[in-house]
Amino acid sequence: MPRMNVETLIIGAGAAGMMCAAHAGNDVLVIDHAKAAGEKIRISGGGRCNFTNLYASPQNFISQNPHFAKSALKRYTQWDFIALVDQYGIKWHEKTLGQLFCDTTAKDIIAMLRAEMEKSGAKLWLQTDVKVISRNAEGFRVIVEKSGRSTTIQAQKLVVACGGKSIPKMGATGLAYQIASQFDIPVVAPRPGLVPLTFSDEKFKPLAGVAAPSRVTTARTSFDEAILFTHRGLSGPAVLQASSYWEEGEAITLNLDPSGTLLQKLQQDRSTQGRKALTSVLAQHLPTRLVEFLSADLNLSGNIADQSDRRLGEISAALSAWEVKPAGSEGYRTAEVTLGGIDTDALSSQTMMSKSVPNLYFIGECVDVTGWLGGYNFQWAWSSGWAAGKAI
Ligand code: FDA
């Protein structure tokens with residue numbers, strides 16, 4: 001069997017793996033089983049890649065240890081990545097809430113990372129499967145298979161950058177958790193995050209396609225953004241954000257009056273358009289189909305002029321505290337990220353190296369650090385990849 005030696009072997013040519021390769025010296029091999037590097041970058045942000053967030057800070061990340069991400073995020077910031085993007089002349093814009101997107105295409109980010117890898121001398125093998133990993137005196141012995149041919153790679157350092165379990169169709173495998181288990185490194189149970197929520201009955205089916213601004217509250221936190229009703233349940237940015245904090249069996253609360261001004265608006269409408277039906281007036285503030293859907297439950301009958309202050313108060317209160325109980329989520333099939341992962345207690349926050357297995361590193365989404373929606377997950381991939389690369 002052919003054999004080759006490298007100083008550093010990186011498994012996974014995604015966001016974190018490529019960033020690490022660009023900074024890990026010149027004797028680096030990156031392997032990936034996919035046909036192309038950075039496939040998730042390519043499809044991200046609707047093809048324009050929301051590559052970071054102006055406001056990225058440790059509070060935007062979920063982890064059993066909320067302090068773990070601080071070091072890497074502080075040493076390689078969103079400003080560092082923006083400077084790199086600018087250096088390559090990639091034009092970008094802020095869409096909303098500090099979210100930065102490429103003006104043209106996410107492929108520009110992949111080309112930039114490939115160029116950075118080439119500059120540092122890193123090699124890339126695609127369509128390469130990992131068969132066996134073992135540890136020996138010199139480091140790690142990894143048997144890989146490419147085009148039906150096996151090769152033994154002897155590496156002093158091994159970086160696991162093969163992501164989480166989200167979207168198996170895009171090549172996610174969960175290999176990182178298997179490697180952790182092989183080396184007795186603890187893993188916080190992975191689960192889908194940033195994922196649409198589903199309901200056991202089809203009660204929201206008539207609302208499919210309706211979107212509305214809302215505040216979505218779980219037992220742990222709230223998010224103010226749009227919600228979107230789907231054939232199976234609820235999606236939209238506010239629901240995706242909340243899904244990362246939601247636990248099975250819990251209810252969530254939808255506040256369809258996030259600005260808290262509905263009562264005042266209805267009182268004004270009563271004096272200016274008293275002869276209109278209550279539902280018609282409400283439909284000026286909420287999507288018509290949503291008003292029709294809620295009409296029977298909230299007994300939205302009569303003209304607006306017939307409604308007392310107390311009654312309008314009851315309606316506004318009901319619309320700002322609509323409790324619904326999801327049955328589950330759409331799972332890894334559509335989840336944007338995987339929550340949980342390699343237990344951060346087992347890693348150095350400075351270098352991402354395992355505390356128990358010297359020269360074994362974990363970076364990116366496979367680690368128990370998960371960002372909010374809005375460019376935070378890529379920022380974690382850049383920061384953790386950079387931190388490991390610099391340490392190597
Ligand atoms: P990533 O998944 O990018 O890379 C892992 C690599 O390992 C892949 O190339 C894969 O092929 C390879 N691999 C996996 N198993 C392997 C195996 N067994 N053998 C060999 N190779 C293997 N985030 C954000 O900040 N802004 C955004 O706009 C979006 N948009 C978005 C859209 C969609 C549809 C998804 C699914 C996700 C996003 N994300 C996002 C999340 C973001 O894509 C994600 O957090 C990062 O890609 C994680 O980077 P990693 O490098 O850790 O994993």
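Being free of Cβ contacts under 8 Å to residues at least 60 places away in the same chain, part of a helix (DSSP H, G or I), out of contact with any helix residue (DSSP H, G or I) (no Cβ under 7 Å at 6 or more places or on another chain) and within 18 Å of Ala13 (Cβ to Cβ) is the requirement here; does Glu118 meet it? Considered against the rule, which asks whether it is free of Cβ contacts under 8 Å to residues at least 60 places away in the same chain, part of a helix (DSSP H, G or I), out of contact with any helix residue (DSSP H, G or I) (no Cβ under 7 Å at 6 or more places or on another chain) and within 18 Å of Ala13 (Cβ to Cβ), Glu118 comes out as yes. Quick check: anything in the range 320-327 touching a residue at least 12 places away in the same chain (Cβ under 8 Å) and closer than 30 Å to Thr173 by Cβ? Scanning the range 320-327 turns up at least one residue that is touching a residue at least 12 places away in the same chain (Cβ under 8 Å) and closer than 30 Å to Thr173 by Cβ. Within this structure, Ser320 passes the test of being more than 12 Å from the ligand (Cβ to nearest atom) and in contact with a strand residue (DSSP E or B) (Cβ under 7 Å, 6 or more places away or on another chain).
Looking across Asp201, Asp184, one residue alone is at positive phi, acidic (Asp, Glu) and either touching a Lys or Arg at 6+ places or on another chain (Cβ under 7 Å) or surrounded by fewer than 18 Cβ atoms within 10 Å (Cβ to Cβ) (or both). It is Asp184. Counting only strands (runs of 3 or more DSSP E) that sit wholly inside the range 149-254, those with at least 1 residues that are within 21 Å of the chain's Cα centre (by Cα), basic (Lys, Arg) and modelled with pLDDT of 95 or more are 187-193, 211-217. Among the residues of the range 81-107, the ones that are within 12 Å of the ligand (Cβ to nearest atom) and either modelled with pLDDT under 95 or aliphatic (A, V, I, L, M) (or both) come to 2 in all. Report, by residue number, each residue of the range 141-166 that is surrounded by 15 or more Cβ atoms within 10 Å (Cβ to Cβ) and away from the ligand (no atom under 15 Å from the Cβ). Correct list: Arg141, Thr152, Gln154, Gln156, Lys157.
The residue that is surrounded by the most Cβ atoms within 10 Å (Cβ to Cβ), counting only those in the range 1-22 that are more than 6 Å from the ligand (Cβ to nearest atom) and part of a strand (DSSP E or B), is Ile10. Restricting attention to the range 26-38, does a residue exist that is over 26 Å from Asp368 (Cα atoms) and basic (Lys, Arg)? Yes, the range 26-38 has at least one match.
To keep it simple, each residue is scored yes or no on (1) of a type in the set (Gly, Ala, Ser); (2) within 30 Å of Lys169 (Cβ to Cβ).
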| site | (1), (2) |
| --- | --- |
| Phe293 | no, no |
| Asp297 | no, no |
| Asp306 | no, no |
| Ala317 | yes, no |
| Gly331 | yes, yes |
| Thr338 | no, yes |
| Leu347 | no, yes |
| Ile363 | no, yes |
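For first residues located in the range 152-171 and under 17 Å from Gln182 (Cβ atoms), partners that are assigned to a strand (DSSP E or B) and among the acidic types (Asp, Glu) and lie 6+ apart or on another chain with Cβ distances below 9 Å form the pairs Ala155/Glu7; Lys157/Glu7.
Of the residues that make up the range 338-347, is at least one within 15 Å of the ligand (Cβ to nearest atom) and touching a Leu at 6+ places or on another chain (Cβ under 8 Å)?
Kept after step one, since they are within 15 Å of the ligand (Cβ to nearest atom), are these residues of the range 338-347: 338-342, 344, 347.
Next, from what is left, pick out any that are touching a Leu at 6+ places or on another chain (Cβ under 8 Å): none.
Among the residues of the range 338-347, not one is within 15 Å of the ligand (Cβ to nearest atom) and touching a Leu at 6+ places or on another chain (Cβ under 8 Å), which makes the answer no.
Where strands (runs of 3 or more DSSP E) sit wholly within the range 303-392, those with at least 3 residues that are surrounded by fewer than 24 Cβ atoms within 10 Å (Cβ to Cβ) occupy 322-324.
Tell me which residues, restricted to the range 227-246, are of a type in the set (S, T, N, Q) and either surrounded by fewer than 24 Cβ atoms within 10 Å (Cβ to Cβ) or within 14 Å of Ala211 (Cα to Cα) (or both). Scanning the range 227-246 gives Thr230, Ser235, Gln241. Take the range 167-184 and flag every residue that is more than 6 Å from the ligand (Cβ to nearest atom) and closer than 23 Å to Pro358 by Cα. Once the filter is applied, which keeps residues that are more than 6 Å from the ligand (Cβ to nearest atom) and closer than 23 Å to Pro358 by Cα, the range 167-184 yields Gly174, Ala176, Tyr177, Gln178, Ile179, Ala180, Ser181, Gln182, Phe183, Asp184.
Among the residues of the range 23-67, those that are within 13 Å of the ligand (Cβ to nearest atom) and assigned to a helix (DSSP H, G or I) comprise Glu39, Lys40, Ile41, Arg42, Ile43, Ser44, Gly45, Gly46, Gly47, Asn60.
The values are calculated or read from the model by the stated rules, or taken from the named source; none is laboratory data. These numbers were taken from a predicted model, which means no experiment stands behind them. Note: ideal-geometry Cβ built from the backbone for every residue, glycine included; neighbour counts use all protein chains shown.
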